[in-house]
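One structure is given below, encoded as C-alpha cells.
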Amino acid sequence: MPIIDQYFQKLIELGGSDLHLSQKQPPKVRVHGSIKPISDQVLDERLMETMMREICEPRAWDRYKEKGDLDFAYEMDADNRFRCNYLRQQHGYAAVFRIIPTKIASLEQLGIPQVVKEFGHMRSGLVLVTGPTGSGKSTTLAALLDYINTNFRRHIITIEEPIEFVHRNKKSIITQREVPIQTPSFADGLRAALREDADIVLVGEMRDLETIALALTAAETGLLVFGTLHTNNARKTVDRIIDVFPSDQQSQVRTMLAASLKGVVAQLLMKKSDGKGRAAVNEILVTNPAVSAIIREGATQKLYDVIIGGKAQGMQFMDEAIWQKLRDGYVTPMEAYMKAIDKNRFKAFLPPEDAGLAAASGGDANK
C-alpha cells in the first residue's frame with residue numbers, strides 16, 4: 001500500500017475535501033472550508049518525494065520535474081478517487097489532493113435549481129458553469145451530465161484535466177478524454193470532437209482564446225457545449241469571454257455569443273450555519289431575446305435588470321440566492337456578507353462582534 005494512502009484515509013475519516021502536503025510543513029486537511037493540521041510531523045524532502053512518486057506515472061513525474069506543476073487523478077480503491085496537483089514551493093515539494101466522490105450526486109441532492117435541467121434538454125449552444133476554484137463547478141456539471149446520460153441518447157465527449165467523475169454509459173455514450181494524456185490540450189480535444197459524431201462536449205476549462213473561439217464555433221455549428229470559467233456572476237462571464245479577443249474582433253464575437261449562449265450558472269459554496277458542510281448558491285441567466293440584444297450591444301450592465309425580471313424563467317441573481325439561504329437559516333449573516341456582491345444589503349444583519357471583523361477583512365467574496 002502506498003505510504004500516502006494513510007493520509008487519504010485520515011482525510012476520508014474526517015469528512016474533509018482537500019489534503020495539503022508540503023515540504024517542511026505538517027500535513028493539513030480542509031474540512032468544511034477550514035484548513036487544519038492532522039499531525040505534528042514535519043514532512044521532509046525524502047518522504048515527500050517517495051509519496052509523490054509512488055502514485056505518479058514515471059512519464060508524468062518527469063514532466064513535473066521539468067515544469068514544476070502537474071495535474072492528474074489517483075484512484076486509491078474502488079470507492080475513493082483524488083484529483084492531484086503537484087507544485088514546487090519555496091521549500092521544495094508540495095501537493096494538493098481533492099477528494100472526488102465516486103457516486104455522482106443528483107442536481108436535487110446538490111440543491112441546484114430545477115431550471116438547470118432544462119440546459120440538458122437543449123440540442124445546441126453554449127452553457128457556462130462558472131465560479132472560483134473549489135466552488136463545486138465540476139460536481140454540478142457531473143450531475144447535469146448524469147441527468148442527460150440517464151434520460152437521453154446522446155454521444156457526450158468530456159475533455160478534462162484531469163478526469164474527475166467517471167461516468168458509466170446509461171442511455172448515452174460517454175467518451176472521457178484527459179489532457180494531456182489522451183489529447184494534448186483542451187483546444188485539440190475540442191477540435192477533434194467536431195469530427196467524432198458528438199452531440200455534447202464538456203470542456204473542463206475555457207482559459208485561452210483558442211479554446212473559447214473553438215467552443216463558440218462548435219456551439220454555432222450544432223453541438224451543445226458545456227464549459228467552465230473562473231468568474232463569479234453572469235455579467236463578468238459575458239465580459240470575460242469577449243475581453244479574451246482582440247478589440248477588432250470583439251464586435252463579431254458579441255454577435256456569435258449572442259447567437260450561441262444559452263445560459264450561465266454561476267456558483268459559490270457557503271459554509272452552513274450548523275458547521276456541517278457547505279451549500280451551493282447559484283446565479284442563473286437564461287438567454288432570451290433581451291439577453292441576446294444586450295450581448296450584441298455590449299451593454300452587459302443591463303443584465304442585472306434582466307435577471308431580476310426573469311424569475312418566471314428561473315433566473316436568479318446571486319445576492320437573491322444568498323438572501324434566501326440567510327432567511328432560511330442555512331448560513332450565518334457573516335457568511336452571507338462575505339459572499340455577497342452588494343455588501344451593504346447584508347451589513348445590517350451582522351452581529352456587533354462580526355461588523356468590525358467584516359470591515360477589517362474588506363469583505364473578500366471568495367473567502
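The values are calculated or read from the model by the stated rules, or taken from the named source; none is laboratory data. If you're wondering where the values come from, they're calculated on a predicted model, not measured in any experiment. Here Cβ is always computed from backbone atoms with ideal geometry, including for glycine, and neighbour counts include all displayed protein chains. When the accessible area is computed, the model is the full protein with side chains, heavy atoms only, and any ligands, DNA or RNA have been set aside. Shrake-Rupley method; radii C 1.70, N 1.55, O 1.52, S 1.80 Å.
The candidates Lys347, Lys272, arranged from most to least accessible area with a 1.4 Å probe in the full protein assembly, appear as Lys347, Lys272. Considering only Thr231, Leu202, Pro246, the residue lying farthest towards the positive end of the dipole of the stretch 194-255 is Thr231, judged by Cα position with unit charges set on Cβ. Only helices enter this figure: runs of n ≥ 4 DSSP H residues, each worth -39500 (n - 2.57), summed and divided by the residues of the chain, yield -11000 deg cm²/dmol at 222 nm to the nearest 500. Rounded to the nearest 0.05, what FRET efficiency do Asn288 and His155 give with R0 = 35 Å and r taken as the Cβ-Cβ distance? Could you check? In this case the efficiency is close to 0.75. Rolling a 1.4 Å probe over the protein heavy atoms gives the stretch 117-257 an accessible area of 40 Å² per residue.
Beyond a 28 Å Cα-Cα separation, which of these cross-linked pairs lie in this structure: Lys103/Lys343; Lys236/Lys272; Lys28/Lys65; Lys117/Lys302; Lys103/Lys271? Over 28 Å apart, Cα to Cα: Lys103/Lys343.
Potential lengthening of the chain between Gln109 and Asp342 amounts to 81.0 nm, from the contour at 0.36 nm per residue minus the alpha-carbon distance. Note on Asp77 and Leu209: with the Förster distance fixed at 41 Å, the Cβ-Cβ geometry gives a FRET efficiency of about 0.50.
Across the accessible surface of the chain, with the other protein chains kept in place and a 1.4 Å probe, carbon and sulfur atoms take up 48 percent. Please give the Cα centre distance for the stretch 78-143 versus the stretch 20-74, rounded to the nearest Å. Centre-to-centre distance over Cα atoms comes out at 21 Å.
Normalised per residue, the accessible area of the stretch 1-95 is 54 Å², obtained with a 1.4 Å probe and no contribution from ligands, DNA or RNA. Other residues whose C-beta falls under 15 angstrom from the C-beta of Asp274 contribute a net charge of +3, scoring Lys and Arg +1 and Asp and Glu -1. A cut-off under 15 angstrom between Cβ atoms defines the neighbours of Arg88, and their net charge, with Lys, Arg +1 and Asp, Glu -1, is -1. Backbone amide hydrogens, once placed in the peptide plane, bring Thr183 within less than 5 Å of Glu178, excluding anything fewer than 5 places away on its chain. Overall, the stretch 138-184 carries a charge dipole of about 400 debye about its Cα centre when +1 sits on the Cβ of Lys and Arg and -1 on the Cβ of Asp and Glu, all other atoms neutral. By the rule of a C-alpha distance below 17 Å, with chain neighbours fewer than 8 residues away ignored, the aspartates and glutamates paired with Lys171 are Asp146, Asp197, Asp199. The residues neighbouring Val244, those whose beta-carbon lies less than 11 Å from its own, together hold a net charge of -2 under the Lys/Arg +1, Asp/Glu -1 convention.
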